[in-house]
Structure formats: C-alpha cells, structure tokens
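The values are calculated or read from the model by the stated rules, or taken from the named source; none is laboratory data. Keep in mind that this is a model prediction, so the values were computed, not measured. Cβ atoms come from the backbone with ideal geometry, glycine included; neighbour counts cover every protein chain shown. These accessible areas exclude ligands, DNA and RNA; they are computed on the full protein's heavy atoms, side chains included. Shrake-Rupley method; radii C 1.70, N 1.55, O 1.52, S 1.80 Å.
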Amino acid sequence: LILFMEGGGACLNTTTCLGNPQSFGESDLGTPGGALSRDLENNPFKDWNLVYVPYCSGDIFTGNTMNGEGGRPQMGYNNLTEFLARIVPTFPDVNEVILSGSSAGGFGAAFNWMRVQDAFGDIPVHALDDSGPPMNGEFLTPCFQSYVADLWGWADTLHPACLDCDVEAGFVAEPMLHTALARQNKGQRFGLMSYTEDNIIKLFFSFGLDECASTKAFFAPPYPEGLFPRGLEALRDAADRYGNSAVYIIEGAEHTFLGGDLSRYESGGVNMLDWVTDFRDGAPGWDHVSP
C-alpha cells in the first residue's frame, strides 16, 4: 500500500495563506498522478494499492486547532486520524506500507511517520519524503518552529516517543526525525528527495530569518544562497547514523518530483526512477545520491 499525502503549501501568515483558500469544493482538489497513476508505465507503484489523502488545511498535516491563521480551522492532524481509522481496516492483508507525499505532504509524511507506523502495528511503514526536508534549527529556525507550533496547535500532536521535542523552544523537526529513525525496528526505510536550492521551501523557511521578525510581514528576507544545501548535507549525515535511510539530491531550484515520470531526473550518475525502485524493494545497494 502507498499512502500519498497531497501537497499544497502552508498557511501561516497573510502571504502564505494567499495560496490556501478558506474553503474547498470537490473541483478544487488535485488530480492524483505520477506516483498514483495506473497509466504511467514508469510509476514504480502502479500495481500497488493506492490511497490519496487530500489536503486543504494549510498546516502540513500537523494542525490541531479550529482557530488557526486568520481564524481558519487548521485540523490536518485530526483529518489524518480520521483517514487512518478508515484506511487501516480497509487493507487487513497488506504486508508493507509506504507513507509518502510531496511538499506539504512530504513534511506531513515525516511528521506523522511514527503514528502511521503505530496504526499499522507490526506491518512495516516506510517513508518517502518528496521535498519536505525536516531540517534542524540552523536552517529551519527554532523561533519559526515555535511560531507554527503555537499557531497550528502542536502541543497535543507530538508523538510521545519524541522525548527531546520541545514546542516552546522550537526544537521539533530534527528530534522528530531522529526519533523516527531510531525506531526502525521493523526494517523501515526513509528516503528524502530534494533540489539543492528548492526555492519554494526556501521561501517558507525565510520567514524564520532575523529571529522571526518577518513572520507577520508580507515579504521575508531572501534565504541565503548555499545555506539550504548545507541543511540537506546535515540531513544526509543524520541518516547515516541509523541505516535504511538515504537522500537523493539533485542540482536546481525547482520543487517536487513524484507528480510525474521519475526517469526524467538524474543526479550523480543515478536515475531517480532506479533510486525510488530500489527504495521500494529495499535493495542492498540503495544509498545517498548527490550531484
């Protein structure tokens, strides 16, 4: 089973909420493609059971408040709870799960990996994070993490296994990932895909610069060139501490991959389709890829 969480940005201030309408109709939801396409010959999951989790809460599937930014309900965490209550009993015979998503869905997959594993019990849940890098406080500032934690109601949503998580101090993303990686006792795998200078993610991260002086501003200062690649390197080093984890980094400033044909991408002499296929299969040669 592949459980795919839709992307769609984040709503955390006036600027970022411009891309997140206050209400959605059926016609506003995205059309699943790429990793969820039965017709794409190069889709490594085309013969799998496919579940698509739509996204309209603007909280990267972490929200637990009916009074978020501008008074909006931001209940993405609770929405996923309802989805899991329906999904898990639907697939009683599944023997492997991949939790994935792009952008906001990628962050959502990383944030919710442990509780999705809990929901499926002894069935291993692997995480494939497309362009949602859970960086540490040098790159995703603690004040910014604390800001969105308060805005989206993280106090009651952090997994209890994450003893080092501190929403008030803004230490969440890195300890959540480290805790999840340390719990890989069922042979789970974690894969992250990202561009070296992803301009979309850098835009959001930039609101945390200058000690978060711009969180409520319409424009944020530019994210420093070269800082984002260092954050990806730190994630790669973190993955090395655990095993069954790897990152695929490709040169450029674009955003997301899983919406189309993965064979279009190549980095370090390795085709992304081959890398994702090896991730899917748990191939022994699966490892980091970088330019």
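Figures for the structure shown
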{"read-out": "Fraction of accessible area attributable to carbon and sulfur, segment 1-94 (%, probe 1.4 Å)", "value": "49"}
{"read-out": "His178 - accessible surface, heavy atoms, 1.4 Å probe, Å² rounded to 10", "value": "30"}
{"read-out": "Theoretical gain in end-to-end length, Asn67 to Ala169 [0.36 nm per residue, Cα-Cα removed]", "value": "34.5 nm"}
{"read-out": "At R0 = 35 Å, FRET efficiency that the Cβ-Cβ distance of Phe218 and Asp28 yields, to 0.05", "value": "0.90"}
{"read-out": "Rounded, prolate or oblate (a/c below 1.5 giving rounded, otherwise prolate when a/b exceeds b/c) for segment 191-291 by Cα gyration tensor", "value": "prolate"}
{"read-out": "Accessible carbon and sulfur surface of segment 203-291 relative to its total accessible area, %, 1.4 Å", "value": "48"}
{"read-out": "Computed lengthening from Arg230 to Glu138, 0.36 nm per intervening residue step minus Cα-Cα distance", "value": "32.2 nm"}
{"read-out": "Compactness of segment 116-245, expressed as Rg and Dmax over alpha-carbon positions, Å", "value": "15.3, 46"}
{"read-out": "Inter-probe distance in nm under a simple model that places probes 7 Å from Cα toward Cβ, at Glu82 and Thr277", "value": "3.9"}
{"read-out": "Principal axis box of segment 180-238, alpha-carbon based, largest edge first, Å", "value": "45, 21, 16"}
{"read-out": "Average accessible area per residue (Å²) across segment 213-275 - probe 1.4 Å, nucleic acids and ligands excluded", "value": "50"}
{"read-out": "Probe 1.4 Å - accessible area at Thr81, Å² to nearest ten", "value": "60"}
{"read-out": "Amide N proximity, segment 251-291 versus Glu41 label position 7 Å along Cα-to-Cβ, cut-off under 15 Å", "value": "261-264"}
{"read-out": "Residue-span extension gain [Glu251 to Leu203] - 0.36 nm each, minus C-alpha spacing", "value": "15.5 nm"}
{"read-out": "Most mobile listed residue (Gly58, Gly132, Gly33) in the chain, GNM with C-alpha springs under 10 Å", "value": "Gly33"}
{"read-out": "Three-way shape label, segment 142-216, alpha-carbon gyration tensor, a/c 1.5", "value": "oblate"}
{"read-out": "Separation in nanometres of the label points that stand 7 Å from Cα toward Cβ, at Asn185 and Ala155", "value": "3.1"}
{"read-out": "Accessible area, probe 1.4 Å, largest first, for residues Asp28, Asp150", "value": "Asp150, Asp28"}
{"read-out": "Tail weight of P(r) past 18 Å, computed on alpha-carbon pairs of segment 45-170, percent", "value": "55"}
{"read-out": "Computed [θ] at 222 nm, deg cm²/dmol, the chain (DSSP H ≥ 4; -39,500 (n - 2.57); rounded to nearest 500)", "value": "-9500 deg cm²/dmol"}
